[in-house]
Amino acid sequence: GAVVSQHPSWVICKSGTSVKIECRSLDFQATTMFWYRQFPKQSLMLMATSNEGSKATYEQGVEKDKFLINHASLTLSTLTVTSAHPEDSSFYICSASARENYGYTFGSGTRLTVV
Amino acid sequence: EDQVTQSPEALRLQEGESSSLNCSYTVSGLRGLFWYRQDPGKGPEFLFTLYSAGEEKEKERLKATLTKKESFLHITAPKPEDSATYLCAVQAFLSSGSARQLTFGSGTQLTVLP
């Protein structure tokens, strides 16, 4: 079955630094990848959608300069949280789809803690 | 705007005590309704996709059903390992015929006691 690998699974960083999270589709080519944010006991909130080779589409209220998304290949998307602050602490999850209207496979998530 | 409401927020069952989780939705042109299981600190794990009212799908102790307004996830004789948060999500068709992204409910946290 489709497998999505997300790395790292957890990271602690100092306020003001940047953190990069990787999302890889291991056994399929992901034309579209999605990045979500999840607060404790809350639902997944879509942050942005990225298509390979083009700029990401951000949801309303998500700062594109703070959350940099790169989808340079069909198997890799990265989310960089720039100048992280404690309020950016959250659980970030990626998902990938092989093509539109196809199924979605989720990564295992990254717990970001900014101190 | 697509909306998904799940109830109850939390449910505690004794092992073997069957129950149902509810997912009510509002969407213009449903393409699919998805059920996921999420364990603490993990990403969602796919369970089912339902596409049309009247459709049912089963997997071990779980059975998902769909009407035009809601979906139920029935859990028969649950075991402690079924403890998790169960998420419901809808996907709508756009006017262009392509699909919108998933809209998730806030989940039901299920605890099955031995």
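List the lysines whose Cα lies under 17 Å from the Cα of residue B:42, skipping any in the same chain that are fewer than 8 positions away.
Residue B:42 reaches A:41.
For segment B:44-90, what is the relative contact order in percent, using Cα pairs closer than 8 Å and at least 6 residues apart in sequence?
This gives 25 percent for segment B:44-90.
Output needed for chain A: three equivalent-ellipsoid semi-axes, defined as square roots of 5 times the C-alpha gyration tensor eigenvalues, in descending order, whole Å.
22, 14, 13
Which three numbers, in whole Å and largest first, are the semi-axes of the equivalent ellipsoid of segment B:30-114 derived from its Cα gyration tensor as √(5λ)?
Working from the Cα gyration tensor, I get semi-axes of 25, 15, 9 Å.
For a quick size check, give me the Cα extents of the protein assembly as shown along its three principal axes, largest first, whole Å.
Taking max minus min along each principal axis of the Cα atoms, the protein assembly as shown gives 49, 44, 33 Å.
In nm, to one decimal, how far is the modelled label at residue A:26 from the one at residue B:20, with both set 7 Å along Cα→Cβ?
Output for this residue pair reads 3.7 nm.
Give me the one-decimal nm value for the distance between modelled label points at residue A:10 and residue B:12, 7 Å along each residue's Cα-to-Cβ direction.
Each label point lies 7 Å from its Cα, and together they span 2.6 nm.
Would you mind getting me the FRET efficiency between residue B:100 and residue B:77? Use the beta-carbon distance for r and R0 = 35 Å, nearest 0.05. All intermediate terms of the calculation are to be shown ahead of the outcome.
Working: r = 36 Å, r/R0 = 1.04.
In this case the efficiency is close to 0.45.
Probe 1.4 Å, all protein chains in place: accessible area of residue B:58 in Å², nearest 10?
Only protein atoms counted, so the area is about 140 Å².
Suppose we flag GluC sites (Glu not before Pro) only when DSSP calls them loop and at most 12 other Cβ atoms lie within 10 Å. Which is the longest uninterrupted stretch of chain A?
Value returned for the longest uninterrupted segment is A:1-62.
The values are calculated or read from the model by the stated rules, or taken from the named source; none is laboratory data. Treat the numbers as computed from the prediction; the structure is a model and nothing was measured. Counting neighbours? That spans all protein chains shown, and the Cβs are built from the backbone with ideal geometry, glycine included. With ligands, DNA and RNA removed, areas are computed over all heavy atoms of the protein, side chains included. Shrake-Rupley method; radii C 1.70, N 1.55, O 1.52, S 1.80 Å.
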